[in-house]
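Enquirer: For reference, the structure I am asking about is given below.
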Amino acid sequence: MEGSFIIPTKTDRAIALLKLAVPLLCVGLIVAWAHAYRAFVAPLCGCDTLPGIRANVLTASLLLLALAFGPYRNGIRILRSGQYPPPGTSVLFTRQVQTGWRATIQAISAFAISLGVLVLLGFLLRYAVFSEFGLYLVGIRGCEP
């Protein structure tokens, strides 16, 4: 398998470019969401901000889960096939197929990235849901003056 190359077609290159554009689109949506939050929710006081904060925590949690799933799936595909990039992966440029310990290191790196994102998700949930503030956020405590 050493010396094998993946040569992309025009369709493969288009798919690879679309896959590169998805994270940029996500960042653009996050920036737009932050501007909307600052304009409409942040000026409110007290309990009026809770629905906006709930939406932020839910959105961030789902985004972090999606960001953790991508590298995890790629790592599983690398381990199953024993090569990097895994079969069926669209690439932008001609790429040499790596096998053996190099592919295993790529899979371990993908798992480490996924674990790092899950740790960030844990910190977010610890702060926003499982803290004293989380009692208000979840609705266990009321917001009476």
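Enquirer: Have a look at A128, A110, A66 and point out the one that is within 19 Å of the chain's Cα centre (by Cα), closer than 21 Å to A16 by Cα, among the aliphatic types (A, V, I, L, M) and at pLDDT below 90.
Expert: A66
Let's see how each residue does on (1) closer than 30 Å to W101 by Cα; (2) small (G, A, S); (3) touching a residue at least 12 places away in the same chain (Cβ under 8 Å):
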| residue | (1), (2), (3) |
| --- | --- |
| F5 | yes, no, yes |
| T9 | yes, no, no |
| P23 | yes, no, no |
| I30 | no, no, yes |
| V41 | no, no, yes |
| L44 | no, no, no |
| T59 | no, no, yes |
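Enquirer: For region 3-20, name all the residues that are surrounded by 11 or more Cβ atoms within 10 Å (Cβ to Cβ) and assigned to a helix (DSSP H, G or I).
Expert: D12, R13, A14, I15, A16, L17, L18, K19
Enquirer: Restricting to region 85-107, what's the tally of residues that are under 13 Å from F5 (Cα atoms) and over 22 Å from the mean Cα position of the chain (by Cα)?
Expert: 8
The values are calculated or read from the model by the stated rules, or taken from the named source; none is laboratory data. As the structure is a computational prediction, the values presented were derived from the model and not from experiment. Reconstructed Cβ throughout: ideal geometry from the backbone, glycine too, with neighbour counts over all protein chains shown.
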